[in-house]
Structures are given as C-alpha cells and as structure tokens.
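Notes for the one structure printed next.
The values are calculated or read from the model by the stated rules, or taken from the named source; none is laboratory data. Owing to the predicted nature of the structure, the values given are computational and were not obtained by experimental measurement. Every residue, glycine as well, gets a Cβ built from its backbone with ideal geometry; the counts of neighbours run over all protein chains shown. The area values use the complete protein model at the heavy-atom level, side chains included, leaving out ligands, DNA and RNA. Shrake-Rupley method; radii C 1.70, N 1.55, O 1.52, S 1.80 Å.
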Amino acid sequence: WSPAAATAMAAAAGRAAARGAILAEGPDLLAALTYDRECRAVEVLRRTGVDVDLLVTALDGIPCQLQTG
C-alpha cells in the first residue's frame, strides 16, 4: 500500500476503536481519508463537487445542515 493508504487505514482503525468498535467501517475510512486534505481522494471529492469541509463536519458527528441542489 502507499504511505497515504496505510496512514488512512491506521486512522480508520483508530477512529473505530475510539467509538468502541472492533472493525473500521466505510465512514471511518472516508473520514480518515479526508484528514489529509492534499491526498488524491480529497482531490477527487472536490472535483465532483463535494464540500469536503462539510463532509468532515458530518463525519465527525457535529450536527450540520446539508445543502442539496
């Protein structure tokens, strides 16, 4: 795995452990990927129109108002 992928997997596992889960799930990995704002995954999200800051807020469980359209 690339260093970025290995870091994201480790962060996802840490995030899962912090919430008491044994295994990481998709949202854990997505959140971990967004921690590195310069990674390719974040670039792809931005290019498809995703508001990464809003996504991070939602994944961190902070109530937010998602905008559609």
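Data overview
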quantity	calculated
Fraction of accessible area attributable to carbon and sulfur, the chain (%, probe 1.4 Å)	59 percent
Most to least packed among 51-57, 19-25 [average Cβ atoms within 10 Å]	51-57, 19-25
Probe 1.4 Å, accessible area per residue of the chain, Å²	72 Å²
FRET E, pair ALA58, TRP1, Förster distance 25 Å, beta-carbon r, rounded to 0.05	0.40
